[in-house]
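Asker: Input: one structure, supplied below.
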Amino acid sequence: MEQRHLGRTGLRVSRIGLGTLTWGRDTGEHDAAQQLKAFWDAGGTLVDTADVYGGGEAEYLLGQLVERLVPRRDLVIATKAGSVLDPVRRYDGSRGHLLAALDASLQRLGTDYVDLWQVHGFDPHTPLEETLQALDIAVGSGRARYAGVSGFCGWQLARAATWQLAAPGSRTRLAGTQLEYSLLQRGVEREVLPAALDLGVGLLPSSPLGRGVLTGKYRHATPADSRGASERLAAFVEPYLDDSATRIVEAVATAADGLAASPLEVALAWVRDRPGVAAPIVGARNAQQLTQALSVEGLSLPDEIRRALDDVSAPVHRYPDQDWSTL
């Protein structure tokens, strides 16, 4: 699998990442082991997790599988900290919480360091400089090799990345930012992606298949074993089942027919090759699903198909994003 630099850093990652959101919850040890082995066999290196995935079980499960199945040195392990179950706040970006969470993550993962440590979300109750200092401490102590953020909007990313760049050598530049990005969700193109491109921060798209909708599985009905049929996850899928999404999914299916490929491959290839994207993070229920996603490595979309998909999924960006002279 092709390797890419994450942002303007020396960290190289596989251009498809393996997500572990469901590990330890819906995905057990057997399926997780099969996924990790299939991913590694295909040349994949980037494995993304978080301290809250499965209540910590995702990290623990990954830690149990590393070395037993895959050499630690062959993986780029990325995890996150800061998301909390608190009635008052969603994120805790305090230095104390973040560093304690990192130590707990390392223990669950069974490793001395993570390759990429990410702040899971912006905490409006903590000074941003304090949050970012935790990243500097983590990298300075060797517990993290690189640092990034997740869930930051445009101004938050720009402020954080600029602060880190203001003192080169003493502050750790942000390597990556993780946000949802797909043909069904192009909101990052409004402000986040321009900021990331300008500041040299690589984008790690989550839900690159539109929460599964872009695979085409919901075109005619809701499969009984899908997220859309799950009482717990149906609300997660529902926003992408409207008429606008249907038009985009049909365009993807038409393109797939013309390329003798699957809708999954077309949708994933589109986001993988967008400017600023380092590696879409793909989550799968089992190794068979993951193998289907990994088959995208051999597909590059022709320019005319890419432009057609750009047009059919184009978000509405008006004032002040357009050239003011045209308004």
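The values are calculated or read from the model by the stated rules, or taken from the named source; none is laboratory data. What you see is a predicted model; the values in this text were computed from it and never measured. Quick reminder, even Gly has a Cβ in these numbers, built from the backbone with ideal geometry, and neighbours come from all protein chains shown. Surface accessibility is based on the protein's heavy atoms, side chains included, excluding ligands, DNA and RNA. Shrake-Rupley method; radii C 1.70, N 1.55, O 1.52, S 1.80 Å.
Asker: Can you compute the helix-only [θ] at 222 nm over the chain? Use -39500 (n - 2.57) per DSSP H run of at least 4 residues, normalise by all residues, nearest 500 deg cm²/dmol. Could you put the intermediate results ahead of the total?
Answerer: Values: 11 runs with 119 residues, N = 327.
Helices in the chain give a 222 nm mean residue ellipticity of -11000 deg cm²/dmol.
Asker: Can you sort 60, 113 by 1.4 Å-probe accessible area, starting with the largest?
Answerer: Putting 60, 113 in descending order of accessible area: 60, 113.
Asker: For residue 107 and residue 317, compute 0.36 nm times the residue count separating them, minus their Cα-Cα distance, and round to one decimal in nm.
Answerer: Numbers: separation 210, 0.36 × 210 = 75.60 nm, distance 4.48 nm.
Full extension of this stretch gives 71.1 nm more.
Asker: To the nearest 0.05, what FRET efficiency results for residue 246 and residue 90 with a Förster distance of 45 Å applied to their C-beta separation?
Answerer: 0.90
Asker: Moving on to the next point. With θ taken as phi - 60° and the coefficients 6.51, -1.76 and 1.60, list the Karplus ³J(HN,Hα) couplings across region 208-213 in order, rounded to whole Hz; mark glycine and proline as x.
Answerer: Whole-Hz 3J(HN,Hα) from phi for region 208-213: x, 9, x, 6, x, 5.
Asker: Give, rounded to the nearest 20 debye, the magnitude of the charge dipole that the chain has about its Cα centre when Lys and Arg contribute +1 at Cβ and Asp and Glu contribute -1 at Cβ.
Answerer: With Lys and Arg at +1 and Asp and Glu at -1, about 460 debye.
Asker: Go through region 2-19 residue by residue and turn each phi into a ³J(HN,Hα) via Karplus (6.51, -1.76, 1.60, θ = phi - 60°); whole Hz please, and just put x for glycine and proline.
Answerer: Each residue's phi maps through the Karplus curve to give 4, 9, 10, 6, 8, x, 9, 10, x, 6, 10, 10, 5, 6, 10, x, 9, x Hz.
Asker: Further question on the same structure: With +1 on each Lys and Arg Cβ and -1 on each Asp and Glu Cβ, how big is the dipole of region 74-226 about its Cα centre, in debye rounded to the nearest 20?
Answerer: Around 320 debye, computed over region 74-226.
Asker: If contacts are Cα pairs under 8 angstrom and at least 6 residues apart, what is the relative contact order of the chain in percent?
Answerer: That works out to 18 percent.
Asker: Sticking with this structure for a sec: Using the basic label-point model (7 angstrom from Cα toward the beta carbon), what is the residue 159 to residue 2 distance in nanometres?
Answerer: Simple spin-label model gives 3.6 nm for this pair.
Asker: Also, I was wondering about something else. Can you send over the carbon and sulfur percentage of the accessible area for region 64-177, probe radius 1.4 Å, protein chains only?
Answerer: Result for region 64-177: 51 percent of the exposed heavy-atom area is carbon or sulfur.
Asker: Please give, to one decimal in nm, the separation of the simple spin-label points placed at residue 238 and residue 67, each 7 Å out from Cα toward the Cβ.
Answerer: Roughly 4.6 nm, to one decimal.
Asker: When DSSP assigns beta bridges and you keep just the ones with both residues in the chain, what percent turn out antiparallel, to the nearest 5?
Answerer: Counting only bridges with both partners in the chain, antiparallel ones make up about 15 percent.
Asker: Estimate the FRET efficiency between residue 254 and residue 29 by the formula 1/(1 + (r/R0)^6), using the beta-carbon distance for r and 41 Å for R0, to the nearest 0.05.
Answerer: Here the calculated transfer efficiency is 0.55.
Asker: Okay, moving on. List, in order, the whole-Hz ³J(HN,Hα) value for each residue of region 196-204 obtained from phi through the Karplus relation with A = 6.51, B = -1.76, C = 1.60 and θ = phi - 60°; use x for Gly and Pro.
Answerer: 4, 4, 5, 9, x, 9, x, 9, 10
Asker: Shifting gears a bit: What whole number of Å gives the distance from the Cα centroid of region 131-207 to the Cα centroid of region 243-279?
Answerer: First find each Cα centre; the distance between them is then 26 Å.
Asker: For the chain, build the charge dipole from Cβ charges (+1 Lys, Arg; -1 Asp, Glu) around the Cα centre, then report which of 111, 282, 177 sits farthest towards its positive end.
Answerer: 111
Asker: Additional query: For the chain, set up a Gaussian network in which alpha carbons nearer than 10 Å are linked by springs, and say which option among 314, 134, 195 fluctuates the most.
Answerer: Most flexible of the set in this elastic network: 314.
Asker: Considering only DSSP beta bridges with both partners in region 147-275, what is the antiparallel share in %, to the nearest 5?
Answerer: Taking every DSSP beta bridge with both residues in region 147-275, the antiparallel ones total about 10 percent.
Asker: Between residue 130 and residue 310, what is the FRET efficiency for a Förster distance of 45 Å, r being their Cβ-Cβ separation, to the nearest 0.05? Spell out each step's value before the answer.
Answerer: Details: r = 40 Å, r/R0 = 0.89.
So, using R0 = 45 Å, E works out to roughly 0.65.
Asker: Right, something else. Could you give the radius of gyration (one decimal) and Dmax (whole number) of the Cα atoms in the chain, in Å?
Answerer: 19.3, 60
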